[in-house]
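The values are calculated or read from the model by the stated rules, or taken from the named source; none is laboratory data. Fair warning: this is a prediction, and the values are worked out from it, not measured in the lab. Heads up, the Cβs are rebuilt from the backbone with ideal geometry, glycines too, and the neighbour counts pull from every protein chain shown.
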Amino acid sequence: MNPSVGIDLGTTNTVIAIQTDSTGPRTLDISQPVDERNSFQMRDHIKSAVYFESVDSATVGAFAARRLGAFRSVKSVMGTRWRMPHPFRDDFLMTPPYVSAHILRLGFDQLIKQFPDWDKTAIITVPASFNTDQRSDTLHAAKLAGFHGVHLLDEPTAAFYYFFEQNRESFSSTELRQVLVFDFGGGTLDVSIIRVRSKDQQMVVDAIGRSRYNNLGGDDIDTDLAAFLLGLWELEAGTTIEELAESDRRAIFQLFLQRASAYKEEAEFYLASGQSPNEFVLDEQLPGSSGKPIHLQKNLSRPQYEEITSRFFVNSGDLNVFRPIGQAFEIADAIVPGFSESDIDLVLYTGGASRMGAVKAAIETYFTPKPCFSISDEEACNTVALGAASCRYDERHSSGGVAMTYRLLESILTPAQGEGLYVSIVPLTAEPSGEFTHVNNLFRVPRATVNLRLPLFRGVGPMDHNLMPIQDLILPLPYVVQAGCVYELAYRVTENKTVQLRAHFKPEDGDEFVANGELQIEQDARELVTAPLPLATINGELK
């Protein structure tokens, strides 16, 4: 049997879903240590944590997430220059793809074990706002883990696809439906605006707006809660963490962060049933030589808990749940002039953090009287993976009668020859194509060079006052090109929304030539870091 596989590689949890027939997708249970190192249980998700036990042995999943030295939330540093020495190899710097590949490998091994005929392909979801570097890192992690063919799909689109599959009848008419998807996970908040319409006997799922990348997620709420509880412990213990040894300081904050996350989940369960939050109890010793006992037992009232955890649900400041909504409307207005909140027919929220009562209240209040509800309260953490598996099944079997657009939904710009001016070299509306598209602008080499460095920014367009810098593109040239040499640019968007650029040089005293590049971290540097050390054995017997 060859299942259709969808993977939500999450900041906190990773979920794998499969679909084998027309009855629909389901999550795949993954064998992993949970409470004891050598005692395995089946869980419908993988905690996105990797704990290296030696050079060639690592634990991934629930047990690893409880280890203070584990690597967590690696998704938040995808596409960056984050490097960390291997705990057992100081000469080996680990990259985000290398660590993430261990998480994917656990799922990969489970799939191979249950489905020997699986073709090793999958859809892996990423935030809609992931840039080309972050997408490239995700693809690289999948390659290291053993996947042979991966297609990336935006998380809100995948979540909506699951909702669409469950409610296809309500979308069957020719009426245009415009849906906002609010995906609030452990490490990212992703907002997309999707138009659904019938065309040529197909339903077209057309994403027209999305938020920019931000790392606001449920982890930030956990951090606020952990900081508050840590402050209570300092008061009762009559000491501060600054007075502790550095190793103890790191360990105690990680301990409070872990326990705060678990406490938040339990507290939300009690609040949903009309009760007060449960009691927070912590009674442990720090690891290592100090063995310092840490004890805190505290009851929080509902008002106290809600005040601590509600900082991001106020529409003020630079970091809150409402700012990404405004960004999505800004993009939608650029795609469909005049588009506004009044054009939204339905608001869907999904993601683990969306189950918080305060999140639901904030979204419903913001969009009233528009209908707002969860894609699935029971499966809030799983809808993205389930939607990806369903989408993969429809792709492979040419079923479902659904067509999706894959606009880039961000403009990529470079400074023009003029103070404060920018030229859009890749437009918002760019879609995957096998052909390069010419940029209608002439460029000149600013100074003699053998490596053209092209500064790049992302945003809505040249008039965007909030442009964000991204990785400079460096094009190696065959020889020294003199200042003033004219060149033209062309771009191509791949099916996974990575961007390739081509520069056509026209020197006055030589032959014309073309230089090619891709907007991603230099592959040579990345391979140099990850190639010498293979992936560790995942969840094998403890050495």
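So which of S136, S129, S170 ends up being under 30 Å from Q201 (Cβ atoms), among the small types (G, A, S) and not in a strand (DSSP E or B)?
Details: S136 fails: under 30 Å from Q201 (Cβ atoms); S129 fails: under 30 Å from Q201 (Cβ atoms).
Exactly one residue qualifies, and that residue is S170.
Could you check the range 306-321 and list, in sequence order, the residues that are buried (at least 16 other Cβ atoms within 10 Å of the Cβ) and either in contact (Cβ under 8 Å) with a residue 60 or more places away in the chain or assigned to a loop (DSSP other than H, G, I, E, B) (or both)?
Correct list: I308, T309, S310, F312, N320, V321.
Do you know which residues across the range 133-168 are touching a residue at least 40 places away in the same chain (Cβ under 8 Å) and among the small types (G, A, S)?
S136, A141, A142, A145, G146, A158, A159 - these are the residues of the range 133-168 that are touching a residue at least 40 places away in the same chain (Cβ under 8 Å) and among the small types (G, A, S).
Return yes when A141 is closer than 15 Å to M78 by Cα and either out of contact with any strand residue (DSSP E or B) (no Cβ under 9 Å at 6 or more places or on another chain) or outside any helix (DSSP H, G or I) (or both) and no when it is not.
Taking the combined requirement at face value, the residue does not satisfy it.
How many residues, within the range 225-263, are part of a helix (DSSP H, G or I) and either among the aliphatic types (A, V, I, L, M) or touching a Leu at 6+ places or on another chain (Cβ under 6 Å) (or both)?
20
Any idea which of (1) closer than 25 Å to A122 by Cα; (2) surrounded by fewer than 17 Cβ atoms within 10 Å (Cβ to Cβ) is the one D200 doesn't satisfy?
Looking at each condition in turn, D200 falls short on (1).
Mind checking which pairs have a first residue in the range 59-77 that is assigned by TED's automatic domain parsing to the domain that holds T11 and a second that is among the basic types (K, R) and surrounded by fewer than 22 Cβ atoms within 10 Å (Cβ to Cβ), Cβ under 8 Å, 6 or more apart or different chains?
Cβ pairs passing all conditions: T59/R37; T59/R67; G61/R43; A62/R43; F63/R37; L68/R250.
Looking at the range 220-248, I want the residues that are without any contact (Cβ under 8 Å) to a residue 40 or more places away in the chain and have a partner that is polar (S, T, N, Q) with Cβ atoms under 9 Å, at least 6 apart or on another chain. Which pairs are those?
A226/Q258; A226/S261; E234/T240
Could you pull out every one of the strands (runs of 3 or more DSSP E) wholly within the range 322-415 that has 1 or more residues that are farther than 19 Å from V179 by Cα? Let's see the steps before the verdict.
Details: elements: 346-350, 372-374, 402-404, 411-415.
Those strands (runs of 3 or more DSSP E) span 411-415.
Tally time: how many residues in the range 179-202 are basic (K, R) and at positive phi?
Going residue by residue through the range 179-202, those that are basic (K, R) are 195, 197, 199.
Still in the list and also at positive phi: none.
The qualifying residues number 0.
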